[in-house]
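Here the structure is laid out as structure tokens; the discussion comes afterwards.
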Ligand SMILES: *Cc1c(COP(=O)(O)O)cnc(C)c1O
């Protein structure tokens, strides 16, 4: 008898971020700011002191303390993962049981459903509809009707770049009653975070990443913030040495540079606003819908997304096409100008 893959694995294909060499990459929502030389030197000093022959700290205590300090929260409420993707995997497989109902919203970050599938969840999707925004009452009613065990969504949203207010999210947490996983990967670019009060709820897990505003996508660092019961459960469920020593050391150095990070945040927001302002007249002229962004990317609906996507690619600019929409990461001033110029030329 030949071995056959189980059903869960059979349809899966490896994640493909898209091959090819493009001078301008505005497709992955990374920061356009790489750590400058003085910061790279500080990181190098920290890396030189890493005991390579020893396992890393399973609690990533220094890293979590630096994160907690930057955001003004208690480190007892923080745990770290090998990127937010690992945290999501652990949540969808260990904080659910086979057959549990996982509610996600559409459109939203596509990996949620993938991990829910691996967790053998029953997947239910709340459709945001024409507005592309969550209606809190609609979502609460949906979760109740479907008897959700877990609700998982991003705020502000990837890919729409739209966000709910604090009060709207608070209501969703209270009134759905299920375990709510709130992915705040982009909240550094907005101002409606619940991170200060995350541990006050018994049913909230809040997520952050170093891949976006903090400009460290290559290190793979994600954070889990919740009350001590949930944080303890996460620490127990994760693999012991999930965050490697190099990433712990480098991430700790960068998270301690508050002024630098505040400056990065301002620069990325300025770039996002410039990109939006530059695209506005083009979208108005061509009748393309574009959403007011609350993240480090813009989301728009050209008349023909595929043609625009291919045209940009031909000009050496990679963006992300999602069905009839394009998601474009805010880049450096020069990258934004190249994108806008390419669109002007194409129309
Ligand atoms: C980028 C992103 C993540 C993944 O973050 P990593 O820490 O790089 O794994 C998670 N959620 C959302 C909404 C994202 O856009």
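Coordinate-derived values only; no laboratory data. Every value quoted in this text rests on a predicted model; they were computed, and no experiment measured them. Positions of Cβ are backbone-derived with ideal geometry, glycine not excepted, and every protein chain shown enters the neighbour counts.
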Solvent-free Debye scattering, log10 I(q)/I(0), computed from the Cα coordinates of segment 227-347 at q = 0.21 Å⁻¹ = -1.08
query = Counting only the backbone N, which residues of segment 114-150 are under 17 Å from the spot 7 Å out from the Cα of residue 229 toward its beta-carbon?
reply = 149-150
request  = State the antiparallel share, in %, of DSSP beta bridges confined to segment 174-311, rounding to the nearest 5.
outcome  = 60
remark   = In a Gaussian network model of the chain with springs linking alpha carbons closer than 10 Å, the residue among 316, 81, 119 that fluctuates most is 316
key: Theoretical gain in end-to-end length, residue 217 to residue 259 [0.36 nm per residue, Cα-Cα removed]   = 13.1 nm
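Given a Förster radius of 35 Å and the C-beta distance between residue 13 and residue 246 as r, what FRET efficiency does 1/(1 + (r/R0)^6) yield to the nearest 0.05? Intermediate results must be reported in sequence, preceding the final value.
Details: r = 29 Å, r/R0 = 0.84.
With a Förster radius of 35 Å, E is 0.75.
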request  = Quote the FRET efficiency, to the nearest 0.05, computed for residue 310 versus residue 125 with a Förster distance R0 of 22 Å and r equal to the Cβ-Cβ distance.
outcome  = 0.15
Stretchable slack from residue 174 to residue 239, in nm (0.36 nm times residue separation minus alpha-carbon distance) = 20.3 nm
request  = Could you please state, rounded to a whole Å, how far the C-alpha centre of segment 328-347 is from the C-alpha centre of segment 192-258?
outcome  = 33
request  = Sort segment 285-347 into rounded, prolate or oblate with this rule: let a ≥ b ≥ c be the square roots of the eigenvalues of the Cα gyration tensor; rounded if a/c is under 1.5, and if a/c is not under 1.5, prolate when a/b is larger than b/c, oblate otherwise.
outcome  = rounded
key: Distance in nm between pseudo-label sites at residue 270 and residue 167 (7 Å out along the Cβ direction from Cα)   = 3.3
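Provide the gained length on full extension for the span residue 94 to residue 137, in nm with one decimal, where the gain is 0.36 nm per separating residue minus the Cα-Cα distance. Walk me through the numbers before you get to the answer.
Values: separation 43, 0.36 × 43 = 15.48 nm, distance 2.84 nm.
My answer for the length gained is 12.6 nm.
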ask   = Measuring from centroid to centroid over Cα atoms, what is the spacing of segment 60-79 and segment 299-318 in Å?
value = 40
ask   = Counting DSSP beta bridges with both partners in the chain, what percentage is antiparallel, nearest 5?
value = 50
key: Nitroxide proxy distance, nm - points 7 Å out along Cα→Cβ at residue 54 and residue 5   = 4.1
request  = Can you bin segment 1-50 into rounded, prolate or oblate? Criterion: square roots of the alpha carbon gyration tensor eigenvalues sorted a ≥ b ≥ c, rounded for a/c under 1.5, prolate for a/b above b/c, oblate for the rest.
outcome  = oblate
request  = Set the Förster radius R0 to 25 Å, insert the Cβ-Cβ distance between residue 144 and residue 28 as r into 1/(1 + (r/R0)^6), and round the FRET efficiency to 0.05.
outcome  = 0.10
message = I need the shape label for segment 73-166. Rule: rounded when a/c is under 1.5, else prolate if a/b > b/c, else oblate, with a, b, c from the alpha carbon gyration tensor.
response = oblate
query = Between segment 116-183 and segment 27-57, how many Å separate their Cα centres?
reply = 35
